[in-house]
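Novice: Pasting in a structure now, in structure tokens, and then I'll have a few things to ask.
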Amino acid sequence: MNLVALTGAGISKASGIPTFNEMGNLREKLSRSFFENSPEEFYKILIEMKEKIERAEPNPAHIALAKYNIPIITMNIDGLHKKAGSKNVIEIHGNLEFVKCPKCNKLYDFDIVKKTIYCNDCKTLFQPNVVLYGDTIPLFFNAIDLIGSADELLVVGTSFYTSTATELVNRAKFAGINVTIINDKAEENVPKFLQSVFK
Ligand SMILES: [Zn+2]
């Protein structure tokens, strides 16, 4: 069985990562226009998110997916799949590992924004490595390709409010790929599901 997983905020709930809805009007603030209009406040929010993320540990759902070497497409920017040991992870919404100077084309460790949000060399505003509302998803077609290589798609903890998740799942169904959805108690149900599939 060639299984690929698509994961969203629900998989990290048991790790103590709040979902966007629980964080208030974050959806609005993680937009391209908010970033461009209020970059200082934008980066303050990202720094807070990164601090929450660094304190979080993968839960049994992340760990089970890593143990069975399941390739993952995640909409989360919390890095918990990699922390659990997964190697093949497409982070379609990016991550908080680095920022980029769009002019020098250089990457900097994310923590530089605690000191400055402008490039030391050219004074350009750093770009976050996260996909913002209003952006296109650069790895979207990598995700489509990976799903196309699967014969089963396991969807975990995605609210179908996000059009990206809906579109990926619809494409999988259209291609005749079997789709299993786990939305509740991922930390119990994902390990159970994988055990039953790979027994
Ligand atoms: Zn620069």
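Novice: If you place +1 on the Cβ of every Lys and Arg and -1 on the Cβ of every Asp and Glu, how big does the dipole about the Cα centre of the stretch 102-158 come out, in debye to the nearest 20? Display every interim value, and only then the final one.
Specialist: Working: 5 positive and 7 negative charges, 114 e Å.
It works out to roughly 540 debye.
Novice: Counting only helical runs of four or more DSSP H residues, what would the 222 nm mean residue ellipticity of the chain come to if each run contributes -39,500 (n - 2.57) and the total is spread over all its residues?
Specialist: Numbers: 8 runs with 72 residues, N = 199.
Dividing the helical sum by the residues of the chain leaves -10000 deg cm²/dmol.
Novice: What order, most packed first, do the peptides 126-137, 4-15 have when packing is the mean number of other Cβ atoms within 10 Å of each residue?
Specialist: On the way: 126-137: 16.2, 4-15: 24.4.
Result, highest mean first: 4-15, 126-137.
Novice: Among the listed pairs 44/87; 50/82; 82/115; 82/173, give every one whose C-alpha distance is greater than 24 Å. Please list the in-between numbers first.
Specialist: Details: 44/87 30 Å; 50/82 15 Å; 82/115 26 Å; 82/173 27 Å.
The answer is 44/87; 82/115; 82/173.
Novice: Right, another one. If you place +1 on the Cβ of every Lys and Arg, -1 on the Cβ of every Asp and Glu, and leave all else neutral, what size is the dipole of the chain about its Cα centre, to the nearest 20 Debye? Don't jump to the answer; show the numbers that get you there.
Specialist: Details: 23 positive and 23 negative charges, 46 e Å.
Dipole about the Cα centre, nearest 20: 220 debye.
Novice: Once you put a point 7 Å from the Cα of residue 175 and another 7 Å from the Cα of residue 136, both along the Cβ direction, what distance in nm separates them?
Specialist: That separation, rounded to one decimal, is 1.9 nm.
Novice: So if I take the centroid of the Cα atoms in the stretch 117-135 and the same for the stretch 138-199, what is the distance between those two points in Å?
Specialist: Going from one Cα centre to the other spans 31 Å.
Novice: Ordered by residue, what ³J(HN,Hα) values in Hz, to whole numbers, does the stretch 105-114 give under the Karplus form 6.51 cos²θ - 1.76 cosθ + 1.60, where θ = phi - 60° and Gly and Pro are x?
Specialist: Once rounded to whole Hz, the list reads 6, 10, 9, 10, 3, 3, 4, 4, 6, 6.
Novice: Tilt of helix 186-197 relative to the longest C-alpha principal axis of the chain, in degrees (0 to 90, nearest 10)?
Specialist: Once rounded, the angle reads 40 degrees.
Novice: Along the Cα-to-Cβ line of residue 111, 7 Å from the Cα, sits a label point; which residues in the stretch 58-96 have backbone N less than 20 Å from it?
Specialist: 58, 78-80, 82-84, 95-96
Novice: Then there's this: For residue 166 and residue 195, what is the calculated FRET efficiency with R₀ set at 25 Å and r taken between the beta-carbons, to the nearest 0.05?
Specialist: Values: r = 28 Å, r/R0 = 1.13.
Here the calculated transfer efficiency is 0.30.
Novice: Determine the share of the stretch 99-199's accessible area contributed by carbon and sulfur atoms, expressed in whole percent, with a 1.4 angstrom probe. Can you show the working numbers first?
Specialist: Numbers: 2980 of 5800 Å².
Whole-percent figure for carbon plus sulfur exposure: 51.
Novice: Here is a follow-up. Could you tell me which residue out of 165, 136, 117 lies farthest along the dipole of the chain toward its positive end? Charges go on the beta carbon: Lys and Arg +1, Asp and Glu -1, centred on the Cα centre.
Specialist: 117
Novice: Can you tell me what share of the DSSP beta bridges in the chain is antiparallel? A percent to the nearest 5 is fine.
Specialist: Details: 8 of 25 bridges.
Here the antiparallel bridges make up roughly 30 percent for the chain.
Novice: Give me the 1.4 Å probe accessible area per residue for the chain, excluding ligands and nucleic acids, in Å². Don't skip to the end; give the middle numbers.
Specialist: Numbers: 10200 Å² over 199 residues.
On a per-residue basis, 51 Å².
The values are calculated or read from the model by the stated rules, or taken from the named source; none is laboratory data. Being a predicted model, the structure only gives us computed values, none of them experimental. Note that each Cβ is placed from the backbone with ideal geometry, even for glycine, and that neighbours are counted across all protein chains shown. We work out accessible area using only protein heavy atoms, side chains counted, and drop any ligands, DNA or RNA first. Shrake-Rupley method; radii C 1.70, N 1.55, O 1.52, S 1.80 Å.
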